[in-house]
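Asks: I'd like to ask some things about the structure below.
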Amino acid sequence: MRGFLIVVIAVACWQAMLASSLSEQYRKVLEETVATAAVEKEASFQSLRLRADSLMTLPASEHNVISTVRVVLDLCSLFYDETSYHKVINYVSYCRPLLEGILPDTGQAQSVYVDILNHYGMAYGSLQLGDLSVSAFEKALRVADKFGLEDKQAVLYNNIGNIYLRKAQYEEADSLFLKAVRINESGKNKKRLYINYNNLSVSAAERHNYNKALEYAFLAMHQLDAETDRSKRMLLQRNIAEIYMKNGEPSLALRNMREVIAYQEEHKELRHLADSYQTMAHIFDNSADSFAVYLHRAENAAKMSSSLMEIPSILLELGEYYSGRRDFVNSSRYFEEYASVKDSILSMEMKMHMQGLSNVYTKEAMQADRIEGLEEDVLKAGRRVKWVSVVSVCALIVAMVVSLRLLAVRRRKYFIKARSKLKEKLLHIQGMEAEKMRCAEALRAKDEAFAQNEKKRTVMALQALRVHEFTDSLSAGIKQLLLKLNVRDTETRKALRDVLYDISRMDNDSALKEFVSSFENINSRFYDSLSVVYPNLTARELRMCALLRLGLSSKEIAGITFREVRSVEAVRNRLRKKFGLEQSENLVDFLKRF
């Protein structure tokens with residue numbers, strides 16, 4: 001008992017140390033989440049801060065850890081949607097080592113962690129840091145592979161493929177896109193298949209393989225719903241028109257673009273209209289009036305949608321168009337406007353990019369110090385756990401030795417008691433076996449007596465049947481004799497009729513009923529079963545079937561029924577025809593089935 005108590009105390013201490021380390025990391029993740037969300041003013045961030053606050057008051061159970069990881073993912077998603085990519089990177093950089101220490105080893109928890117790493121990689125990719133992006137995606141892919149998260153694998157393959165596509169590493173990109181296609185096809189995920197096929201189309205078009213690009217584009221179109229995804233279908237149709245134009249098929253491109261522009265004008269999709277007008281302009285020769293008309297429409301749509309990114313290329317093309325028309329006033333105006341907008345965009349992009357990189361590297365330097373401190377805390381906790389483990393193991397060994405000694409004593413006492421009980425049970429079993437043998441002998445004697453009685457009854461029934469058949473035969477002979485006698489010999493005829501009357505009084509079918517009863521006792525419900533399947537059998541044929549069922553030969557049956565053997569054989573052949581038996585089938589074996 002003492003040894004058991006020591007073991008319980010040692011295990012409890014070890015679990016307490018582990019729980020302490022887990023709780024510390026759990027608390028640090030929530031503190032960082034609260035501090036990060038508190039800086040933001042939007043209601044969505046404040047809602048996440050409150051969720052993190054409420055979790056800090058709860059223990060670090062598996063359910064609460066998973067809830068914490070979901071809060072981390074939601075905060076990453078909010079930052080990413082607001083294009084605050086450096087905030088995503090800084091936040092995940094700090095939380096990642098902590099999460100890996102507390103995450104349960106389950107598919108549900110690891111699936112959320114993969115989504116966090118995916119946002120981490122996308123944030124690096126948005127800042128044009130491709131190598132760091134791929135590193136984050138590959139880390140997420142290893143986790144997804146380990147836990148068999150195929151839907152997550154497909155997303156990661158697609159994202160890594162996009163990085164390779166930007167680097168013009170087309171074969172690597174296509175290989176990853178096709179892996180994603182295989183997973184999404186097995187899962188019938190049309191939304192993701194649309195993205196995969198569209199990426200494959202872009203990859204093929206950039207390598208001037210326009211037929212393959214069209215094939216993938218139409219596969220992507222097939223994944224979209226005609227009603228709910230109409231806007232996406234129009235954007236994809238514009239891409240198809242651009243491929244037709246590059247492939248030297250302007251008529252097909254023009255037909256597609258007219259439908260696209262009509263839809264986007266109707267639904268006032270100004271941002272997409274700017275690109276569509278520009279694509280429409282490219283279908284015409286750059287010296288044609290239609291070229292300028294659509295470029296001006298593209299310029300107006302881009303300015304109305306406040307989309308600066310599309311304006312420079314439109315202004316540049318307008319400047320070149322007017323330069324070709326020798327309209328240097330308009331040409332100069334558009335070139336100047338192009339230079340101004342381009343400088344503004346470049347300045348803004350550089351400022352944002354540098355600011356983002358600066359924030360990332362500055363914050364990462366701060367995070368490195370914090371992570372070092374965190375790792376030091378983890379090491380200290382590890383050392384404490386190690387010492388507790390050593391003490392626990394020593395206590396466990398002592399407890400096991402004591403427990404084994406006590407167990408040996410108890411086992412000895414138990415075996416002595418068990419041996420005596422076993423002897424008693426063996427004696428009881430032997431008595432039961434002897435009683436069982438006596439009962440079996442008595443039952444066997446009863447069965448033999450019953451069989452003898454049944455055999456006697458059957459023999460007696462056969463004898464009675466023979467007498468019945470004899471009287472039938474005798475009656476038939478007297479009837480034949482009556483037919484042959486002279487009509488005037490009345491005395492002889494009267495005497496023979498009296499004999500027939502006496503025979504009929506003596507034979508009242510009791511012998512036949514006795515035979516049927518005896519036979520049914522041995523062969524239960526033979527007559528009924530046979531009559532149900534073959535209702536056209538006569539009483540004599542049924543009786544013949546019963547005699548055959550008893551295993552009597554034709555000669556034996558002829559002796560009982562006072563018939564010739566040939567007559568019995570004729571009846572047997574008639575029965576075979578009624579039963580529809582083949583020549584190779586045995587009549588007796590057939591009757592034994594009933």
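The values are calculated or read from the model by the stated rules, or taken from the named source; none is laboratory data. On a predicted model such as this, the values are computed, not experimentally measured, just so you know. No Cβ is skipped: glycine too gets one built from the backbone with ideal geometry, and neighbour counts run over all protein chains shown. The protein model used for the area step is the full one, side chains on, heavy atoms only, and it has no ligands, DNA or RNA in it. Shrake-Rupley method; radii C 1.70, N 1.55, O 1.52, S 1.80 Å.
Asks: Pairs, please: C-beta under 7 Å, at least 6 apart or cross-chain, first residue in contact (Cβ under 8 Å) with a residue 24 or more places away in the chain and in region 526-537, second open to solvent by 40 Å² or more (accessible area, probe 1.4 Å) and part of a loop (DSSP other than H, G, I, E, B)?
Replies: If the second residue must be open to solvent by 40 Å² or more (accessible area, probe 1.4 Å) and part of a loop (DSSP other than H, G, I, E, B), the pairs left are Phe526/Phe594; Ser529/Phe594; Leu530/Phe594.
Asks: Here's something else I'd like to know. Scan region 538-570 residue by residue and report those that are hydrophobic (A, V, I, L, M, F, W, C), farther than 22 Å from Ser475 by Cα and either in contact with a strand residue (DSSP E or B) (Cβ under 9 Å, 6 or more places away or on another chain) or not in a loop (DSSP other than H, G, I, E, B) (or both).
Replies: We begin by selecting, within region 538-570, every residue hydrophobic (A, V, I, L, M, F, W, C); these are 539, 542, 544-548, 550, 552, 557-558, 560, 562, 565, 568, 570.
Pick out the ones that are also farther than 22 Å from Ser475 by Cα and you get 545-548, 550, 552, 570.
Residues satisfying the conditions are Cys545, Ala546, Leu547, Leu548, Ala570.
Asks: Leu165 versus (1) modelled with pLDDT of 95 or more; (2) surrounded by fewer than 21 Cβ atoms within 10 Å (Cβ to Cβ): which is the lone unmet condition?
Replies: Answer for Leu165: the failing condition is (1).
Asks: Hey, does region 210-223 have a residue that's assigned to a loop (DSSP other than H, G, I, E, B), at pLDDT 90 or above and not hydroxyl-bearing (Ser, Thr, Tyr)? So that I can check it myself, show each step before the final result.
Replies: Restricting attention to region 210-223, the residues satisfying the condition of being assigned to a loop (DSSP other than H, G, I, E, B) are 223.
Now drop any that are not at pLDDT 90 or above, which leaves 223.
Subsequent filtering for residues that are not hydroxyl-bearing (Ser, Thr, Tyr) retains 223.
Scanning region 210-223 turns up at least one residue that is assigned to a loop (DSSP other than H, G, I, E, B), at pLDDT 90 or above and not hydroxyl-bearing (Ser, Thr, Tyr).
Asks: Of (1) over 30 Å from Asp229 (Cα atoms); (2) part of a helix (DSSP H, G or I); (3) out of contact with any helix residue (DSSP H, G or I) (no Cβ under 6 Å at 6 or more places or on another chain); (4) free of Cβ contacts under 8 Å to residues at least 24 places away in the same chain, Glu320 satisfies all except one. Which?
Replies: (4)
Asks: Do we have Ala539 as within 30 Å of Gly580 (Cβ to Cβ), modelled with pLDDT of 75 or more and either surrounded by 10 or more Cβ atoms within 10 Å (Cβ to Cβ) or over 60 Å from the mean Cα position of the chain (by Cα) (or both) here? Before you say what the answer is, go through the steps one by one.
Replies: Numbers: within 30 Å of Gly580 (Cβ to Cβ): yes; modelled with pLDDT of 75 or more: yes; either surrounded by 10 or more Cβ atoms within 10 Å (Cβ to Cβ) or over 60 Å from the mean Cα position of the chain (by Cα) (or both): yes.
So Ala539 fits the description; yes.
Asks: Any chance you could count how many residues in region 125-139 are within 14 Å of Tyr85 (Cα to Cα), out of contact with any Ser or Thr (no Cβ under 8 Å at 6 or more places or on another chain) and open to solvent by 10 Å² or more (accessible area, probe 1.4 Å)?
Replies: Count: 5.
Asks: Can you pull out the residues in region 571-594 that are open to solvent by 50 Å² or more (accessible area, probe 1.4 Å) and either touching a Gly at 6+ places or on another chain (Cβ under 6 Å) or not in a helix (DSSP H, G or I) (or both)?
Replies: Gly580, Glu582, Gln583, Ser584, Glu585, Asn586, Lys592, Arg593, Phe594, listed by residue number.
Asks: Quick check: anything in region 491-507 charged (D, E, K, R), open to solvent by less than 40 Å² (accessible area, probe 1.4 Å) and at pLDDT 65 or above?
Replies: There is no residue in region 491-507 that is charged (D, E, K, R), open to solvent by less than 40 Å² (accessible area, probe 1.4 Å) and at pLDDT 65 or above.
Asks: Here are some residues: Asn162, Asn118, Asn199. Which one is free of Cβ contacts under 8 Å to residues at least 60 places away in the same chain, under 23 Å from Glu62 (Cα atoms) and among the polar types (S, T, N, Q)?
Replies: On the way: Asn162 fails: under 23 Å from Glu62 (Cα atoms); Asn199 fails: under 23 Å from Glu62 (Cα atoms).
Exactly one residue qualifies, and that residue is Asn118.
Asks: Scanning for something surrounded by fewer than 20 Cβ atoms within 10 Å (Cβ to Cβ), part of a helix (DSSP H, G or I) and of a type in the set (S, T, N, Q), does region 187-207 turn up at least one residue?
Replies: Looking for residues that are surrounded by fewer than 20 Cβ atoms within 10 Å (Cβ to Cβ), part of a helix (DSSP H, G or I) and of a type in the set (S, T, N, Q), one finds none in region 187-207, hence no.
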